[in-house]
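Here is the structure we will look at, set down as structure tokens.
The values are calculated or read from the model by the stated rules, or taken from the named source; none is laboratory data. What you are looking at is a predicted structure, and each value in this text was computed from that prediction instead of being measured. Backbone-built Cβ (ideal geometry, glycine too); neighbour counts: all protein chains shown.
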Ligand code: FES
């Protein structure tokens, strides 16, 4: 049995420990926002947060997240309470086909949690591994800057992940 936090809820799964996190979230928990792209950790469509870090869930075995805090796109915001980046994504009409966009948002939100005022270089470095076949890169950069500005204006507190607290809450 593997226990972890998924979008702030304590969950458990009894599953082959080699099963990738992406399939556990999509097939077991029926959260379909994170996408399968390359299956090799190269395109970023499957990006989720593990203890606040952007990771490729298609190559991460579920056994590696025992006790960890996972956030998928479903945990970033809700339709009634969008994350500032999601609001910026809407404002700038970022998505084209949309397939890569949950991964883009998870990578961008992990960046802003650590760096609330990223430079162009910071954004390019953080988003470098997230591929968009529709070429929405320039709009993504504008939306990240806009979302970052909105978060700073709102005085959003940068969440620092505390693995000790997460483990206490999971147990
Ligand atoms: Fe189509 Fe990025 S919006 S792949």
Within the stretch 31-54, track down each residue that is within 13 Å of the ligand (Cβ to nearest atom) and under 14 Å from residue 75 (Cβ atoms). 47
Does residue 81 meet the test of being without any contact (Cβ under 8 Å) to a residue 24 or more places away in the chain, more than 16 Å from the ligand (Cβ to nearest atom), touching a helix residue (DSSP H, G or I) at 6+ places or on another chain (Cβ under 7 Å) and more than 20 Å from residue 37 (Cα to Cα)? no
Only one residue in 124, 91 is more than 14 Å from the ligand (Cβ to nearest atom), more than 26 Å from residue 51 (Cβ to Cβ) and at pLDDT 95 or above. Which one? 91
Within the stretch 130-148, identify whether any single residue is under 30 Å from residue 13 (Cβ atoms), touching a residue at least 24 places away in the same chain (Cβ under 8 Å), within 14 Å of the chain's Cα centre (by Cα) and away from the ligand (no atom under 12 Å from the Cβ), and answer yes or no. no
